[in-house]
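**Student:** Starting off with a structure, shown below.
The values are calculated or read from the model by the stated rules, or taken from the named source; none is laboratory data. Predicted, not measured: the structure shown is a model, and the values here were computed from it. Heads up, the Cβs are rebuilt from the backbone with ideal geometry, glycines too, and the neighbour counts pull from every protein chain shown. Each accessible area value is taken on the protein alone, full model and side chains, heavy atoms only, with ligands, DNA and RNA left out. Shrake-Rupley method; radii C 1.70, N 1.55, O 1.52, S 1.80 Å.
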Amino acid sequence: MIGSLQSAGLATTIETITPSESVKTLETFGHLLGAIAGSSHGRVDPVVSLGGGIVCDIAGFVAASYRRGVPVIQCPSTLLAMVDASVGGKTGVNLTLDGGGLMKNLVGAFHQPRLVCADIALLESLSDRHRRSGLSECIKHAFICKSVGHDGLGDWMGEHLESIKAFDSATIEQLVMRNVALKATVVARDEHESPDAIEGGRMLLNFGHTFGHAIETLPGLSPDADGANAPLHHGEAVALGMVAACRCAESLGMCAPTTGDSLVAMLDSVGLPSCVAGLPTTDEIVERMGHDKKAIGSSIRLVLATGVGQCTIVDDASGDAMGVGIDSIRA
Ligand code: GLY
């Protein structure tokens, strides 16, 4: 990509980061801003982001902030970034709290990309684990599809499961297009995630994320109890978070008691985890969930399933119901 830009006569300043949640911080953000300020980057010059979700988020936030906003072009290189992080304009970094805990995406801005350029040939270089992680966001979309007018997505994914698992390129191209179409519909209706959006709006895209974010940055958790594979990838944490959200909803009588089983079967079929060893106490996880951006005052706002493909927003889930969700993902 750098060669293409340079051969088109465009001057480039290149900054690389090692993508991990622990570097998605204000410190890295400051470093990148310093680098851009030290270059000849002008008011109309774009930041071009090439990478996965972490790179999309931090590069987008740099673009949103530098000179109060310069254009950003997102070139996602992972499935997760293609179907989610590069689309819709959410940008930001994690925040380290006084006690040392890292809270996901607590600082950021909405800043829409001028262009998203997703080349699915890049996905061939991904590890199986990164591919599975991206499929987690696709399963999330399948689990909210009926609530946002894209009813067919879940069925389409079920019908094409074998070619999705085989990462057949024509199927993956369709998968990306269908998932981006769903996300674009949701974002077009509620770009800034209004707290009182009718029928949940953009908040529905956070299905699995309130539980998931609370465990994603905990050190030592891995998808297969092998410490060498810690920490969890974002998609793995979201997979676990979706299971917790389904079991929580089942315990509140909001959905059929088989809803979580359907989700677990989908996750199993693509090799995503539905339970994890080494979780801290339920109280500690609930406390971390309270720092979530969607928390309203002292209540924790959750996206809970009302069935397969349907979700809704709940502000008053009991601690017991959240505990059922959390306990359901303990290995
Ligand atoms: N990843 C959720 C959203 O973009 O709203």
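**Student:** Could you state the accessible area per residue of region 192-303 in Å², with a 1.4 Å probe and every protein chain left in place? Before the final figure, lay out the partial values.
**Tutor:** Details: 4200 Å² over 112 residues.
Spelled out: the 1.4 Å probe surface of region 192-303, per residue, equals 38 Å².
**Student:** Follow-up. If all Cα-Cα distances of region 63-121 are sorted into 10 Å bins from 0 onward, what percent lands in each bin, rounded to whole numbers?
**Tutor:** 22, 42, 28, 8, 0
**Student:** Among VAL176, ALA109, CYS145, whose Cα sits farthest toward the positive end of the charge dipole of region 98-177 (+1 at Cβ of Lys/Arg, -1 at Cβ of Asp/Glu, about the Cα centre)?
**Tutor:** Checking the options against the dipole of region 98-177, the answer is ALA109.
**Student:** Dividing the Cα convex hull volume of region 1-123 by residue count, how many Å³ per residue is that?
**Tutor:** Details: hull volume 12.6 nm³, N = 123.
Convex hull volume per residue, Cα atoms: 103 Å³.
**Student:** On to the next question. Between SER77, SER65, THR185, whose Cα lies farthest towards the positive end of the dipole of the chain when Lys and Arg beta carbons carry +1 and Asp and Glu beta carbons carry -1, centred on the Cα centre?
**Tutor:** SER65
**Student:** Right, another one. Could you tell me, in Å, what Rg and Dmax come out for the Cα atoms of region 189-280?
**Tutor:** Looking at region 189-280, its Cα Rg and Dmax stand at 14.5, 44 Å.
**Student:** Of the DSSP beta bridges with both residues in the chain, give the percent that are antiparallel, rounding to the nearest 5. Numbers along the way, then the final one.
**Tutor:** Values: 12 of 20 bridges.
Here the share of antiparallel DSSP bridges comes out near 60 percent.
**Student:** Here's a follow-up. Highest first, please rank the peptides 59-68, 211-220, 76-85 by the mean number of other Cβ atoms sitting within 10 Å of their residues.
**Tutor:** Working: 59-68: 20.5, 211-220: 22.2, 76-85: 27.9.
Taking the mean over residues of other Cβ atoms within 10 Å, the ranking is 76-85, 211-220, 59-68.
**Student:** In terms of the ratio Rg/(2.2 N^0.38 Å) built on C-alpha atoms, what value belongs to region 52-208? Show your work: numbers first, answer last.
**Tutor:** Details: Rg = 15.9 Å, N = 157, 2.2 N^0.38 = 15.0 Å.
Compactness ratio reported: 1.06.
**Student:** Over every pair of different alpha-carbon atoms in the chain, take the mean of 1/r and invert it; report that Kirkwood radius in Å.
**Tutor:** Averaging 1/r across every pair of different Cα atoms and inverting gives 20.1 Å.
**Student:** When the helix-only estimate is applied to the chain (DSSP H runs of n ≥ 4, each -39,500 (n - 2.57), divided by the residue count), what is the mean residue ellipticity at 222 nm, nearest 500 deg cm²/dmol? Please report the intermediate quantities before stating the final value.
**Tutor:** Values: 12 runs with 137 residues, N = 331.
Calculated from helices alone, the mean residue ellipticity at 222 nm is -12500 deg cm²/dmol.
**Student:** Within the accessible area of the chain, what % is carbon and sulfur when the probe is 1.4 Å and the other protein chains stay in place? Show your work: numbers first, answer last.
**Tutor:** Values: 7550 of 14220 Å².
On the chain, the fraction of accessible area on carbon and sulfur atoms equals 53 percent.
**Student:** Using the charge dipole of the chain (Lys, Arg: +1 at Cβ; Asp, Glu: -1 at Cβ; taken about the Cα centre), state which of ALA8, GLY208, SER269 has its Cα farthest towards the positive end.
**Tutor:** ALA8
**Student:** Please state the charge dipole magnitude for the chain, taken about the Cα centre, from unit charges on C-beta atoms (+1 on K and R, -1 on D and E), reported in debye and rounded to the nearest 20. Don't skip to the answer; put the middle values down first.
**Tutor:** On the way: 23 positive and 37 negative charges, 187 e Å.
Dipole magnitude for the chain comes out near 900 debye.
**Student:** Return the long-range amide H neighbours of THR306 (sequence gap of 5 or more, or a different chain), with a cut-off of under 5 Å between placed amide H atoms.
**Tutor:** CYS311, THR312
**Student:** Counting only complete DSSP H runs, which helices of the chain cover 24 Å or more along their long axis at the Cα atoms and score a mean Kyte-Doolittle of 0.5 or above? Before the final figure, lay out each step's value.
**Tutor:** Working: long enough: 128-144 (25 Å, -0.76); 169-189 (30 Å, 0.59); 234-251 (25 Å, 0.66).
Helices passing the filter in the chain: 169-189, 234-251.
**Student:** When you count, for each residue, the other Cβ atoms within 10 Å and take the mean per peptide, how do 224-231, 312-319, 248-255 rank with the highest first? Walk me through the intermediate numbers first.
**Tutor:** Working: 224-231: 13.1, 312-319: 15.6, 248-255: 20.4.
The peptides rank, most packed first, as 248-255, 312-319, 224-231.
**Student:** What does the convex hull of the Cα atoms come to per residue for region 136-289, in Å³?
**Tutor:** Details: hull volume 19.5 nm³, N = 154.
It comes to 127 Å³ per residue, whole-number rounded.
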